[in-house]
Amino acid sequence: QVQLVESGGGLVEPGGSLRLSCAASGSFRSVGSMGWYRQAPGKQRELVATISRTDTTDYEDSVMGRFTISRDNAENTVYLQMNGLKPEDTAVYLCHAWSNGVLYWGKGTLVTVSS
């Protein structure tokens, strides 16, 4: 079992930055691919970014060049540095992680971009 806990969300003005963190804990040998989805009110959940255990990354087109995903395997933690935030980035950001063929989800952290 893997528990994922996100942190770092909040209210930020357009153009601002936030850094999200997601720490995995529980009884597992290793965590594989990790990443972030987001879900805005009234919209479907969309993939934001993923990172493999060997640091191969992938980004959704609208965040490329503004967001950076990274991870610390020793701490089983994944980060999402978000720069140049736009109002359309407002959403609940959910962390996910694969471990032993099972996909786990965090409860999410709210990011609100507004002046």
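If a residue has to be outside any strand (DSSP E or B), modelled with pLDDT of 95 or more and among the charged types (D, E, K, R) to count, how many in the stretch 9-33 make the cut? Going through the stretch 9-33 one residue at a time, the tally reaches 1.
Residues in the stretch 95-115 that are aliphatic (A, V, I, L, M), touching a residue at least 60 places away in the same chain (Cβ under 8 Å) and either open to solvent by 60 Å² or more (accessible area, probe 1.4 Å) or in contact with a Cys (Cβ under 9 Å, 6 or more places away or on another chain) (or both): A97, V102, L110. Within the stretch 54-69, being over 24 Å from G101 (Cα atoms) and among the aromatic types (F, W, Y) holds for one residue alone: F67.
The set of residues in the stretch 74-94 being closer than 21 Å to Q3 by Cβ and touching a residue at least 40 places away in the same chain (Cβ under 8 Å) consists of E75, N76, T77, V78, Y79, L80, V92, Y93, L94. For the stretch 37-78, a residue qualifies if it is of a type in the set (D, E, K, R), part of a loop (DSSP other than H, G, I, E, B) and within 18 Å of W105 (Cα to Cα), and the qualifying residues are R45, R53, E75. Taken together, the residues in the stretch 81-93 that are touching a helix residue (DSSP H, G or I) at 6+ places or on another chain (Cβ under 9 Å) and open to solvent by less than 10 Å² (accessible area, probe 1.4 Å) amount to 2. If you go through the stretch 1-53 and keep only what is in contact (Cβ under 8 Å) with a residue 60 or more places away in the chain, under 14 Å from S99 (Cα atoms) and crowded, with 18+ Cβ neighbours inside 10 Å, you end up with V2, L4, A24, V31, S33, M34, G35.
The values are calculated or read from the model by the stated rules, or taken from the named source; none is laboratory data. Keep in mind that what you see is a predicted model, and the values were worked out from it rather than measured. Glycine also receives a Cβ, built like all others from the backbone with ideal geometry; neighbour counts cover every protein chain displayed. With ligands, DNA and RNA removed, areas are computed over all heavy atoms of the protein, side chains included. Shrake-Rupley method; radii C 1.70, N 1.55, O 1.52, S 1.80 Å.
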